[in-house]
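This report refers to the structure that appears directly beneath it.
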Amino acid sequence: MIQFAIVGMGFIADKHIAAIRNTEGANLFAICDNNPDRLVLDDENVLKYTDLEKMLQDNPQIDVVNICVPSGLHANLTKIVAKYKKHIITEKPMALNSSDAKEMMEVAEEEGVKLAIVHPNRYRPAIMEVRKLMDAGEMGKLSHANATVRWNRGQEYYDQAPWRGTKKFDGGVLMNQAIHNLDLLLWFMGPVKSVQGMVSTRFRDIETEDVATGLIEFESGALGVVEAATTIYPQNLEESLSIFGETASVKISGKNALFIETWDVEGYKEEEVEALKAKIQNDPWGKKGHDCIIEDMVAAINENREPAVSGLDGYNPVRLIEAIIESSETGRRITFS
């Protein structure tokens with residue numbers, strides 16, 4: 001039985017608790033938050049702490065710590081947890097800058113612990129179908145791709161917690177909302193060669209951007225377009241991912257990127273496409289992504305392998321976001337080394 005602990009008992013911790021409870025071979029051993037009022041859980045067997053290091057000192061049997069604190073604290077807590085030789089699952093974004101993300105990977109490697117990043121959208125059924133299509137080589141050479149997030153986050157959303165929309169703890173639309181889509185874009189399109197970006201804070205009273213655009217050149221020669229906003233009136237409009245190749249054009253869309261809008265693939269008959277669309281329509285969310293992340297960590301420990309969504313997978317979109325913002329601030333293209 002793999003013993004889990006959670007640090008940070010805000011909103012997202014509920015998903016981690018449910019995922020641990022849903023996973024065979026996983027047990028929620030302890031929770032931690034510096035605010036004792038948040039240490040409320042309907043399980044008397046789960047230990048409760050207000051100090052992370054005391055929790056780790058008192059309980060050597062803990063195997064994995066799930067980090068669910070504000071994003072700006074991920075790097076420091078990862079270093080503490082790794083020092084105690086515990087495996088780590090950290091919420092997205094991995095960190096708010098590439099330097100911290102790189103340090104997190106380095107400390108995990110030095111201490112011999114596994115580091116997994118929560119990018120659960122990879123496990124959505126429609127996304128998994130695209131992954132299978134690409135792995136089978138059925139798209140041919142890729143020309144370009146488009147990732148779009150047109151959502152609404154009103155000022156009341158940012159006012160719910162003092163850390164939201166700050167550069168130190170949260171980041172803007174790219175780091176908070178669109179990072180899932182950028183993770184998928186990189187997962188499908190591969191390493192980035194260069195980026196040009198423009199970001200702005202148009203409507204919200206925050207330190208970070210509420211609208212962003214980016215043009216990406218991938219190492220393969222393919223191109224990418226990114227558009228992300230939390231300024232859409234009056235509610236979420238769409239989240240989509242489009243990929244275009246020599247022998248296929250696919251688009252996953254909806255208010256969340258859940259449904260197959262376009263599936264034009266060489267060799268697919270119309271009835272096959274309709275059957276695939278119907279299958280996705282019937283179960284668009286599939287198995288919960290957090291469940292998949294927890295299950296994979298259990299398997300990675302038992303099989304002594306890297307997690308499916310590794311530290312490098314967390315680093316890459318953070319580096320991309322950093323480059324888009326740097327390009328906007330400097331007015332020049334950013335080339336990746």
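The values are calculated or read from the model by the stated rules, or taken from the named source; none is laboratory data. These figures come from a predicted structure and were not determined experimentally. All Cβ positions, even for glycine, are placed from backbone atoms using ideal geometry, and neighbour counts span all protein chains on display. Heavy atoms of the whole protein, side chains included, go into the accessibility calculation; ligands, DNA and RNA do not. Shrake-Rupley method; radii C 1.70, N 1.55, O 1.52, S 1.80 Å.
The table below lists the values:
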| read-out | value |
| --- | --- |
| Cut-off under 5 Å, modelled amide H: who pairs with Lys48 long-range | Ile31 |
| Rounded if a/c under 1.5, otherwise prolate or oblate - the stretch 1-125, Cα gyration tensor axes | rounded |
| Solvent exposure, largest accessible area first (probe 1.4 Å, DNA, RNA and ligands not counted), of Asp296, Asp37, Asp51, Asp63 | Asp37, Asp51, Asp63, Asp296 |
| Area of Glu261 that stays accessible when all protein chains are in place (1.4 Å probe, Å², to 10) | 100 |
| Förster-model FRET efficiency, 45 Å R0, Asn27 and Thr335, C-beta, rounded to 0.05 | 0.45 |
| 0 to 90° range, to nearest 10: angle between helix 270-282 axis and the chain longest Cα axis | 30 |
| Calculated P(r) of the stretch 14-61 - Cα pairs past 12 Å, % | 64 |
| Label zone at Leu312 (point 7 Å along Cα-to-Cβ), backbone N below 20 Å, the stretch 92-106 | 92, 94-95, 97-106 |
| Approximate spin-label separation Trp163-Lys85, in nm, with each point projected 7 Å along Cα-to-Cβ | 2.9 |
| Largest to smallest accessible area among Met198, Met105 [probe 1.4 Å] | Met198, Met105 |
| Cα long-axis angle, helix 289-303 against the chain (0 to 90 degrees, to the nearest 10) | 70 |
| Listed residues Phe169, Phe188 arranged by accessible area, highest first, probe 1.4 Å | Phe169, Phe188 |
| Size-normalised alpha-carbon gyration radius of the stretch 130-211, reference 2.2 N^0.38 Å | 1.37 |
| Crossing angle, helix 125-135 versus the chain [Cα axis fit, 0-90 degrees, rounded to tens] | 70 |
| The stretch 230-294: equivalent-ellipsoid semi-axes (sqrt of 5 x gyration tensor eigenvalues, Cα, Å) | 24, 18, 12 |
| Solvent-accessible surface (1.4 angstrom probe) belonging to Met175, in square angstrom, nearest 10 | 10 |
| Contour excess over end-to-end distance, with Cα ends at Asn236 and Lys54 and 0.36 nm allotted per residue | 61.3 nm |
| Cα-projected label distance for Lys288 with Glu270, points at 7 Å along beta-carbon direction, nm | 4.1 |
| Probe 1.4 Å - accessible area at Trp285, Å² to nearest ten | 140 |
| Percent of C-alpha pairs per 20 Å bin, the chain, short to long | 30, 58, 12, 0 |
